[in-house]
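Colleague: What follows is a single structure, and I will ask about it in a moment.
Taken together, the values in this text are just the output of simple stated rules run on the coordinates, not laboratory data. Predicted model only: the values in this text are computed from it and were never measured. As a convention, Cβ positions derive from the backbone with ideal geometry for all residues, glycine included, and neighbour counts pool all protein chains shown.
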Amino acid sequence: MGLAGMSPRTTIGGLTILRPLLGVRRAALRAYLQSIDQPWREDSSNTSNRYLRNRIRRVLDANESLHLPLIELASTCRALRSWARASAPKLEETFQVQVLQILPEILASESARLWLAACGVPKGEITPDVIARLLEMANDAASPPRQHFPGRLLVWRRRGMIGV
């Protein structure tokens, strides 16, 4: 998610999740529900300081002027992520390190993410640190030439090539 925030439409395991009210402010939604005498259920986790999301909500509630710029930032980040996903070249199972070296970092990261997923790394385990390790293998000949990645994937680098 990151700076892109929650997407209004997400597909998880074949299930499409729609969030049509993401753009509606909480106060406006509650006011509308009250105006039609419609009760709502408040998730008790939303009041806990234990969760970063709630601490951020409190800061945003106290700084109304941040709301619109943050929505615009999230929208721009979603568009950038979408562009990167559509533009990043697909790597073969074995590829030349130079392919990643010549790409802008955002496209190299996305190509690496896609390659790791295609090689069997579970989606939830493809973290920025995991992507960075693969990029380091491509960019730094002094990095270990054989590394284990999540999903029991052994990646090797030899003679300017990376493969599994």
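Colleague: Given Cβ point charges of +1 (Lys, Arg) and -1 (Asp, Glu) and nothing else, what value in debye, to the nearest 20, does the dipole of the chain about its Cα centre take?
Modeller: For this selection, approximately 260 debye.
Colleague: Among [x] 212; [y] 119; [z] 164, find the value of volume of the Cα convex hull per residue in Å³ that was calculated from the structure presented, and write down its label.
Modeller: Computed from these coordinates, volume of the Cα convex hull per residue in Å³ corresponds to label [z].
Colleague: For the chain, what relative contact order do you get, as a whole percent, if you take Cα pairs closer than 8 Å and at least 6 residues apart?
Modeller: 17
Colleague: Starting with the highest mean, order 138-144, 102-108 by the number of other Cβ atoms within 10 Å, averaged over the residues of each peptide.
Modeller: Packing proxy ranking, top to bottom: 102-108, 138-144.
Colleague: Add +1 for every Lys or Arg and -1 for every Asp or Glu among the other residues with Cβ under 15 Å from the Cβ of ILE106, and state the total.
Modeller: +2
Colleague: At a Förster radius of 30 Å, what calculated FRET efficiency corresponds to the Cβ-Cβ distance of ARG159 and ILE106, to the nearest 0.05?
Modeller: Rounded to the nearest 0.05, the efficiency is 0.65.
Colleague: Return the FRET efficiency for the residue pair SER143, THR76: r is the Cβ-Cβ distance, R0 is 30 Å, and the value is rounded to the nearest 0.05.
Modeller: In this case the efficiency is close to 0.35.
Colleague: Further question on the same structure: Are there trypsin sites (Lys or Arg not before Pro) in the range 75-164 that DSSP puts in a loop and that have at most 13 other Cβ atoms within 10 Å, and which ones?
Modeller: Of the trypsin sites (Lys or Arg not before Pro), the ones in loops of the range 75-164 whose Cβ has at most 13 other Cβ atoms within 10 Å are LYS90, ARG152, ARG159.
Colleague: Quick check: pseudo-label points 7 Å beyond the Cα along Cα→Cβ at ASN54 and LEU3, how many nm apart are they?
Modeller: Placing both labels 7 Å beyond Cα along the Cβ direction yields 2.8 nm.
Colleague: For the chain, what does the helix formula give at 222 nm: sum of -39500 (n - 2.57) over DSSP H segments with n ≥ 4, over the residue count, nearest 500 deg cm²/dmol?
Modeller: Here the helix-only value at 222 nm equals -14000 deg cm²/dmol.
Colleague: A follow-up question, please. Cβ under 12 Å from LEU153's Cβ, LEU153 left aside: what net charge do those residues give with Lys, Arg +1 and Asp, Glu -1?
Modeller: +1
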